[in-house]
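Read through the structure below, which is laid out as structure tokens, and then see the notes.
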Amino acid sequence: MEEEKKPLTFELFTNWCMILIIFSIITTIGNIVGYNHPLNDSFIGLLILCGISLAGLILEKVIPYHIPSIIYISILGLILSVPWAPTSPTIIYYTSKVELLSITTILLAYGGIAMGNNWGEFKRIGLRGVIVTLFVIFGTYICSALIAQGVLMSTNMI
């Protein structure tokens, strides 16, 4: 049974904008403190990323096909940043001033808060789910560390 798409409302649009603005402010602070990127460049880069995300979210609601918004966001980002696009130099310059780790830190914090708000669902997963989750996190960390070690050794940085 196919789920009905919720319509785009002013309230939904406002919620998206508020979330993206809060996300941009917190990530900009992380970019400045953690990576010493200039305030203007970081914030402009995040506004570009949030604008593309917002456009993709709107397209997902407006276009009648059931295509996830991440597809629209990816396609928009790709079209706007391909080398022959007139927007490419600007988008690449400003978005390169946004560090991936500052973005993922905020996303993981939000995920943790969201999970904390739904303990009933978390309990329903049970002990097996918790064990699998811990193995996934541990495996991801170990594999990431091994890849980083290999790259750093192959480039003679360590």
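The values are calculated or read from the model by the stated rules, or taken from the named source; none is laboratory data. Quick caveat: nothing in here was measured; it's all calculated off a predicted structure. Quick reminder, even Gly has a Cβ in these numbers, built from the backbone with ideal geometry, and neighbours come from all protein chains shown. Note: accessible area is taken over every heavy atom of the protein model, side chains too, but ligands, DNA and RNA are not part of it. Shrake-Rupley method; radii C 1.70, N 1.55, O 1.52, S 1.80 Å.
Residues that are open to solvent by 100 Å² or more (accessible area, probe 1.4 Å) and at pLDDT below 80 number at least 3 in the following helices (runs of 4 or more DSSP H) confined to the range 77-158: 100-116, 119-154. Residue pairs whose Cβ atoms lie under 7 Å apart, sitting 6 or more positions apart in sequence or on different chains, and linking a residue in the range 57-77 that is under 14 Å from residue 12 (Cβ atoms) to a partner that is of a type outside the set (A, V, I, L, M) and open to solvent by 80 Å² or more (accessible area, probe 1.4 Å), are 61/7. Looking at (1) part of a helix (DSSP H, G or I); (2) more than 17 Å from residue 105 (Cβ to Cβ), which is the one condition that is false for residue 45? It fails just one condition, (2).
Does residue 57 meet the test of being crowded, with 19+ Cβ neighbours inside 10 Å, within 14 Å of the chain's Cα centre (by Cα), at pLDDT 90 or above and under 19 Å from residue 105 (Cβ atoms)? In short, no. Does residue 30 meet the test of being at pLDDT 90 or above and open to solvent by less than 60 Å² (accessible area, probe 1.4 Å)? So residue 30 fails the test.
Within the range 4-56, the set of residues being of a type in the set (D, E, K, R) and in contact (Cβ under 8 Å) with a residue 60 or more places away in the chain comprises 5 only.
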